[in-house]
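Data first, discussion second: the structure below is written as structure tokens.
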Amino acid sequence: MKKIAVIPGDGIGPEVIKQALKVLDVIGEKYGVEFEKEEVLMGGIAIDKTGVPLPEETIKICQASDAVLLGAVGGEKWDTLPGHLRPEAGLLGIRKALGVYANLRPAIVFPQLKSASMLKEEALQDGLDILIIRELIGGSYFGEKKKVQLEDGTYKAWDTQVYTTAEIARISHMAFDIARKRDKKLTLVDKANVLESSRLWREVVTEISKQYPDVELNFMYVDNAAMQLIRKPSQFHVILTENMFGDILSDEASMITGSLGMLPSASLGDGNVGLYEPIHGSAPDIAGQDKANPLATIMSAAMMLRYSFNMPEAAKDIENAINKVLDKGYRTLDIMSPGMAAVGCEAMGHLVVKELR
Ligand code: IPM
Ligand code: MG
């Protein structure tokens, strides 16, 4: 039996989660595994019901589970609350509480979706299979932050970009291990020409690279990386980077793949609870209209099977089913192109389930 804590969250979160759970039910039947799911509150809905974005009870249940599946949090309604009470604080809090320091964000172009990419076909002719490994519980997201009023009545605010050797080392080992299992190429993206913290990243990663002589390591400044991702995305394989750079570059990479609705993620640490979530947000503008693309969440569930439950065949099974659905021409609005069949969130989930059966 595998215990999954489920956080539907806000906006389109509950809709996309529902589809992923349908898929997990079929996997459970097919592979003879029982998934025990427990729904918990986080984000705006938690603020409305309990007054805080991340109730203690949610943390406890997540920590006692084998994995956590998360939809999305946030919305305009809560945007004026102070930082520590916003839905996003719940998201950062659960990442921290679970100690999931490595956020794996694969950016793959499905051949069927090449035309949905923002890039010209020729930029994609070598295909695209990038894995962004984003540090998730350090950097400016978690360093000291403050806002103070100056004598003249104006303000001064800061967020501290801070990393320790240990924080860099643990994710670097994971990145080298992963690169070793792929095509043995690792790019550290940083801003070492300006930031002291980036220079520490380079030092630590360079030192650790000696233990992985078979992995080719190179360095790239983040501004250049943002440009190179558009110019020639196929030059990237595994990208290792700090929290904020990873946040930005992964959204950029999603546009190369075609849609934010196609990027799943897995967050792992040294503990045994993994956190799985699509990289997209809560998209309040389309919430409740059956328009969202559930595939990123379904693929996040596949990553859960792969990384937390050691069920790689089941994960592959889901990915194959998605491929077949795309082959047959079914598209949600975000990946729609002429001649294809437009379907809603619910129908897309159902199509994947049908292929799995
Ligand atoms: C993401 C999101 C979050 C982040 C926000 C919602 C706090 O953009 O997961 O990429 O910045 O980490
Ligand atoms: Mg983001």
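Rounded to whole numbers, the Karplus 3J(HN,Hα) couplings from phi for segment 347-357 are 5, 4, x, 5, 4, 5, 4, 4, 5, 5, 7 Hz, using 6.51 cos²θ - 1.76 cosθ + 1.60 with θ = phi - 60°, and x at Gly and Pro.
Computing Rg and the Kirkwood Rh from the Cα coordinates of the chain gives a ratio, Rg/Rh, of 0.96.
Counted residue by residue at 0.36 nm each, then reduced by the alpha carbon distance between them, the extension gain from VAL194 to ASP270 reaches 24.3 nm. Restricting the calculation to Cα atoms, segment 39-186 shows an Rg/Rh of 1.05 when the hydrodynamic-style radius is the Kirkwood one. Between GLY127, GLY99, GLY83, the residue with the greatest mean-square fluctuation in the GNM of the chain (Cα pairs under 10 Å linked by springs) is GLY83. Each residue of segment 151-157 was assigned a 3J(HN,Hα) from its phi angle through the Karplus curve 6.51 cos²θ - 1.76 cosθ + 1.60 (θ = phi - 60°); the sequence is 4, 7, x, 7, 10, 9, 9 Hz, with glycine and proline shown as x.
Hand me the trypsin sites (Lys or Arg not before Pro) from segment 108-163 located in a DSSP loop with no more than 13 other Cβ atoms within 10 Å, in residue order please. All intermediate terms of the calculation are to be shown ahead of the outcome.
Working: sites: LYS114, LYS120, ARG134, LYS145, LYS146, LYS147, LYS156; in loops: LYS120.
Qualifying residues, ordered by number: LYS120.
GNM remark for the chain: springs join alpha carbons under 10 Å apart, and the peak mean-square fluctuation among GLU88, GLU216, GLU151 falls on GLU151.
Per-residue ellipticity at 222 nm for the chain, helices alone: DSSP H runs ≥ 4 residues times -39500 (n - 2.57), over residue total, nearest 500 deg cm²/dmol? Walk me through the numbers before you get to the answer.
Numbers: 11 runs with 143 residues, N = 357.
Estimated from H runs of four or more residues: -12500 deg cm²/dmol.
Among bridges DSSP assigns within segment 1-145, what percent are antiparallel (round to 5)? Present the calculation step by step, with values, prior to reporting the outcome.
Working: 7 of 17 bridges.
Of all bridge pairs located within segment 1-145, approximately 40 percent are antiparallel.
Centre-to-centre separation between the Cα atoms of segment 178-234 and those of segment 82-154: 17 Å. Using the Cβ-Cβ distance between ARG357 and GLU216 with R0 = 45 Å, the FRET efficiency computed as 1/(1 + (r/R0)^6) comes to roughly 0.60.
Compute the FRET efficiency between MET336 and GLN149 as 1/(1 + (r/R0)^6), taking r as their Cβ-Cβ distance and R0 = 56 Å, and round to the nearest 0.05.
Numbers: r = 49 Å, r/R0 = 0.88.
The calculated FRET efficiency here is 0.70.
With the charge dipole of segment 118-257 set up from +1 on Lys and Arg Cβ and -1 on Asp and Glu Cβ about the Cα centre, the Cα lying farthest toward the positive end among the listed residues ALA253, ALA179, LEU124 is that of ALA179. Given the pairs LYS291/LYS316; LYS18/LYS328; LYS120/LYS328; LYS145/LYS185; LYS147/LYS185; LYS3/LYS181, which span a C-alpha to C-alpha distance of over 32 angstrom in this model? Long pairs (Cα-Cα over 32 Å): LYS145/LYS185; LYS147/LYS185.
Contact order for segment 1-137, expressed relative to its length and based on alpha carbon pairs under 8 Å spaced 6+ residues apart, stands at 26 percent. Placing a label point 7 Å from the Cα of SER234 along the Cα-to-Cβ direction, the residues of segment 109-133 whose backbone N falls under 11 Å from that point are 122-129.
Just the number, please: Stokes-Einstein D of segment 118-257 in µm²/s, Kirkwood Rh from C-alpha pairs, 4 °C, 1.567 mPa s. Spell out each step's value before the answer.
Details: Rh = 16.1 Å.
Using the Kirkwood radius from Cα pairs, D works out to 80 µm²/s.
Comparing mean-square fluctuations of ILE286, ILE137, ILE239 from a GNM of the chain with C-alpha springs under 10 Å, the top value falls on ILE286.
Every number in this text was worked out from the coordinates using simple rules, so none of it is lab data. Every value quoted in this text rests on a predicted model; they were computed, and no experiment measured them. Because the Cβ atoms are built from the backbone with ideal geometry, glycine has one as well, and the counts that use them run over all protein chains shown.
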